[in-house]
Each structure stands twice: as C-alpha cells, then as structure tokens.
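The values are calculated or read from the model by the stated rules, or taken from the named source; none is laboratory data. Note that this is a predicted model, so its numbers are computed, not measured. Don't worry about glycine lacking a Cβ; one is built from the backbone with ideal geometry, like all the others, and counts go over all protein chains shown. For accessibility, only protein heavy atoms count, side chains too; no ligands or nucleic acids. Shrake-Rupley method; radii C 1.70, N 1.55, O 1.52, S 1.80 Å.
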Amino acid sequence: MQTYCLLGDPIAHSLSPAMMNLSFQALGMDCRYDLRVTNENSIEDRVRELREEGAAGWNCTMPCKHAMVPLCDRLSTAARIGGAVNTVKNENGILTGHTTDGTGFMNAMADAGLPLPGKKMTLLGTGGAASAILIQAALDGVSEIAVFANRPASRKHAEDIAAKLAPHSETSITLHGYTDPEELREEIRTSAVLVNATPVGMDGGKGSGHCLIPDASFLRPDLFVYDIIYHPKKTPLLALAESAGCRTSNGESMLLMQGAAAFHIWTGRDMPVELVREKVF
C-alpha cells in the first residue's frame, strides 16, 4: 500500500483525507492518506520519517509550506519563485516540491467556463494564496494582472515575485494601493475577473463582515468575481457581486482543484472531481 499524508498544524479540520481516500477508493487504488501534525520545528524529523517509511508523497499546509522548501531535492518553477511547497512527490528518495494552489485556482476558473490565459485579472492581496495565484496565472499566460496591496511590505513582496517571474512570463504585472478608489474602479473595469485573496470577509477574522470593494458600482454583470474564502460560503464580496449580476465562486472550487492537481502529480491519474465535489463539499 502506498501512503500519503498532510503535514501542518492545526490540521484536524482538513478535508484532504476525505478527498484523497474517496478518490483512491473510487479508482480502486491501494493507497491511504492520513494526517501528521507537524510544525517548523519538527518538519525535518517528520520528513526523515516519511523517507524511511517510503511514503509516496505528502501535502504541506501552514506552518510547513516554507520550511519544506530547503528539504526538497528539486522544485517546480512555481514553488521556486514563491518559496513555498504544498505538494511533495517522493520518487526513489528524490523529493520534488510543487505548489498546486495557483494551479487549483486556474483550473477552477477553467472549470467555471472562464479560462484565464489571454485575459486580465485584478488580484486583491499578496499573501501566500495570492502569491500562488499571481505566479501560476503569469506562468499560464494571463495577459495582465493588477495587484492591490495595502502595506509597503506587501507591495515589496509583490515586486519581488514580479521580478522573479519576468524571465518566465510576458504577463504585465502592475502594483496598486487602495488609497484611490477610482484606480481600483478602472482596473476592475478592464478585467475579466476580480479575485479576493485576502482574509477580508472570512468568518471569525478581523475582516469578518467586511468587503474591500466600496459598492456595486465597481462591478458589472460580465465580470467574474472569485473569493478564495469558503467560510462563509457567501462572503460580503460575493453577495455584493451577485447584486450586481456577476458570476461568482467561493474558494471551495480552488480547494478541490488544488487537491486534484496534487493527486495527479502523485499518481498520474485524474481525481474523480465530480464525485469528490458531491460527497465532500
């Protein structure tokens, strides 16, 4: 039996075991997926243990995504640029680190009927998920990405990523702040999709009940609005977007598709995504 797992802390709430084990069962694969509570201080010992076990692969979530990078023998282009790994494949002791968050977003948009290569995106945020989306969107050929950040450190982080992307992508990346609402309005006006990749609007967070878009006049019916948050399922941004007639999606589809991308990296097979969507989400 091949074994896979998730490293991170806390992880008890994770949907990954349900997603992966259902997929293995549906495809008749002799594999199992479990949880291994791990943090930055224990990850080296954990990876050594997994090597000794012959684990075929694992996922990493916080706080292990950055700590996993130097423990890999090889990195995908996206993982190297972003300095984060959420999926590791073990091939005869050689560990290759990938990041599938951005792939999950891009595939979720394609699954929703809006493939993004050649289109413009407005991206709110520069944190871990936002960076993964920015990197993969640029690698996949999104024509232009307008990134909005609210702190100098966040802007610097986005600048560094844009510089690292330059040799690999012709995507135009522009950086903006929130101080001028009309600048935000104009970038959204010329975009095919608006993505909230910040915690604003998440249940229980500092931004719970809030929205970074001032009002519905910033939106239009042919704009797709994506919020990576999935608790609550309908954030204030998505409610505002629906009132403006926009197509919308929350982050469940990104979570599903990033898991499907990891599954394919490990097994070379397609996750039965419709079954997983029905049974797990």
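Would you check which residues across region 189-219 are open to solvent by 70 Å² or more (accessible area, probe 1.4 Å) and aliphatic (A, V, I, L, M) and list them?
Once the filter is applied, which keeps residues that are open to solvent by 70 Å² or more (accessible area, probe 1.4 Å) and aliphatic (A, V, I, L, M), region 189-219 yields only MET202.
Does ILE145 meet the test of being in contact with a Ser or Thr (Cβ under 7 Å, 6 or more places away or on another chain), open to solvent by less than 60 Å² (accessible area, probe 1.4 Å) and either among the hydroxyl-bearing types (Ser, Thr, Tyr) or closer than 22 Å to THR99 by Cα (or both)?
Answer is yes for this residue.
Checking the conditions here, which among VAL273, VAL225 is more than 30 Å from ALA26 (Cβ to Cβ), modelled with pLDDT of 95 or more and open to solvent by less than 50 Å² (accessible area, probe 1.4 Å)?
The match here is VAL225.
Any residue at all in region 223-241 that's without any contact (Cβ under 8 Å) to a residue 24 or more places away in the chain, under 17 Å from THR122 (Cβ atoms) and not in a helix (DSSP H, G or I)?
The answer is no; no qualifying residue exists.
Within region 49-64, restricting attention to residues that are touching a Leu at 6+ places or on another chain (Cβ under 9 Å) and in a helix (DSSP H, G or I), which residue is least open to solvent (accessible area, probe 1.4 Å)?
LEU50
Is it the case that some residue within region 65-78 is in a helix (DSSP H, G or I) and touching a Phe, Trp or Tyr at 6+ places or on another chain (Cβ under 9 Å)?
Pass one, region 65-78, residues in a helix (DSSP H, G or I): 69-71, 77-78.
This time we only want the ones that are touching a Phe, Trp or Tyr at 6+ places or on another chain (Cβ under 9 Å), so: none.
Among the residues of region 65-78, not one is in a helix (DSSP H, G or I) and touching a Phe, Trp or Tyr at 6+ places or on another chain (Cβ under 9 Å), which makes the answer no.
Take the residues of region 12-26 that are farther than 20 Å from GLU252 by Cα and either among the hydrophobic types (A, V, I, L, M, F, W, C) or in contact (Cβ under 8 Å) with a residue 40 or more places away in the chain (or both): which is least open to solvent (accessible area, probe 1.4 Å)?
The extreme case among them is PHE24.
Within the group ASP9, ASP30, which residue is more than 20 Å from the chain's Cα centre (by Cα), of a type in the set (D, E, K, R) and open to solvent by 10 Å² or more (accessible area, probe 1.4 Å)?
Values: ASP9 fails: more than 20 Å from the chain's Cα centre (by Cα).
Only one candidate qualifies: ASP30.
Go through region 79-95 and count every residue that is within 18 Å of THR38 (Cβ to Cβ) and either in a loop (DSSP other than H, G, I, E, B) or open to solvent by 40 Å² or more (accessible area, probe 1.4 Å) (or both).
Qualifying residue count for the region: 4.
Just name the residue that is nearest to GLU183 (Cα to Cα) out of those in region 205-222 that are assigned to a loop (DSSP other than H, G, I, E, B) and small (Gly, Ala, Ser).
GLY207
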